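The structure appears right after this line, and notes come after that.
The values are calculated or read from the model by the stated rules, or taken from the named source; none is laboratory data. These figures come from a predicted structure and were not determined experimentally. Cβ coordinates were reconstructed from backbone atoms using ideal geometry, including for glycine residues, and neighbour counts include every protein chain displayed. To get the accessible areas, we keep the full protein, side chains included, count just its heavy atoms, and leave off ligands, DNA and RNA. Shrake-Rupley method; radii C 1.70, N 1.55, O 1.52, S 1.80 Å.
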Amino acid sequence: MRLLLAGIVGSTAYGLAGAGSDVDRLGLFAAPTVAFHGLHPPRESIVTTAPDSTRHEAGKWCRLALGGNPTATELAWLPDDLYETRTDLGDRLIGIRSAFLSGPRVRSAYLGYAGQQFRKLESRGDGSFSADTRRRTAKHARHLARLLHQGRVLYATGHLPIRLDAPQTFVDFGEQVAAGRIDRARALLGEAEKDFDTIRTPLPEHPDEETVERWLLDVRAANYRPAG
């Protein structure tokens, strides 16, 4: 396994981390090319806890990013100081990050993931639950608001913001929803859906798979080691 790109993601990257927040890491690695020709293909993802880390094989990461997956996509848009591993191929990936984007997939992914967060909130009722559930509810509400914000900016500008300009507003929103104001989350989701319908996006209809393919083939060539 050769790590190509890795960094700190999640709440720490957004500016939403609290005193007890975990530090999440995401990475992209290349498996030896010859390993894909054997009986047992290499693992596509390696997930650990303590520390919390997820690493995707290059091919899988490309498929996730081409599909608009918000979590995978942010690895290519981190501020420089949040990267912990950068290689030449990793820098090249950052250089072609816009090739993974398409308007319809960004819209579908960010609204879809935000919708998942909302359904979690909706299932918890009016806020009359334990302190632990309230903390998790506030977290889900923060991430709903964060996904909608990032998705709208990416859809409108073609650039994905990682650090939030006003993180306290997201924290306050989470606390209000956790206190029972589910209507605020419902309204925010509805506003975002209307915005996506009206924004004229600079993103193309389809991602530039040819550019992505060239990068991935270079990864395979760089990691080819003949047996024996």
_Per-bin percent of Cα-Cα distances, the chain [10 Å]_ = 8, 30, 33, 20, 8, 2, 0
_Euclidean distance between Cα centres, segment 161-202 to segment 31-61, Å_ = 34 Å
*Cα radius of gyration and Dmax for segment 60-195 (Å)*: 16.2, 52
*asked:* Heavy atoms of the protein only, probe of 1.4 Å, neighbouring chains included. What is the accessible area of residue 56 in Å², nearest 10?
replied: 30 Å²
*When the accessible area of the chain is split by element with a 1.4 Å probe, what percent falls to carbon and sulfur?*
51 percent
*Quick one: length gained pulling residue 50 to residue 191 fully straight, 0.36 nm per residue minus the C-alpha distance?*
47.0 nm
*By DSSP, what percent of the beta bridges with both residues in the chain are antiparallel, rounded to the nearest 5?*
70 percent
*To two decimal places, what compactness ratio does segment 36-87 give when its Cα radius of gyration is scaled by 2.2 N^0.38 Å?*
1.31
*Where the only charges are on Cβ atoms (+1 Lys, Arg; -1 Asp, Glu), what is the dipole of the chain about its Cα centre, to the nearest 20 debye?*
440 debye
*Measure off 7 Å from each Cα along the Cα-to-Cβ vector at residue 163 and residue 123, then give the distance between these two points in nanometres to one decimal.*
3.6 nm
*Would you kindly calculate the translational diffusion coefficient of segment 1-124, applying Stokes-Einstein with the Kirkwood radius from alpha carbon pairs, for 20 °C and a viscosity of 1.002 mPa s, and quote it in µm² s⁻¹ without decimals?*
136 µm²/s
*Determine the per residue accessible area of segment 34-131 with all protein chains present and a 1.4 angstrom probe, expressed in square angstrom.*
51 Å²
*asked:* Using amide H atoms built in the peptide plane, which far-off residues or other-chain residues are under 5 Å from residue 4 H to H?
replied: 28, 29, 30
_Cα-Cα separations in segment 133-179 greater than 17 Å, expressed as whole percent_ = 34 percent
*Calculated FRET efficiency for the pair residue 183/residue 3, C-beta based, R₀ 45 Å, to 0.05*: 0.50
_FRET efficiency, residue 221 to residue 94 (Cβ-Cβ, R0 30 Å, nearest 0.05)_ = 0.95
*May I ask for the Rg/Rh ratio of segment 72-123, computed from Cα atoms with Rh as the Kirkwood radius, given to two decimals?*
1.13
*At q = 0.14, 0.17, 0.22 Å⁻¹, what is the base-10 log of I(q)/I(0) for segment 133-228 according to the Debye formula with one equal point scatterer per Cα and no solvent? Please give it to two decimals.*
-0.68, -0.82, -1.09
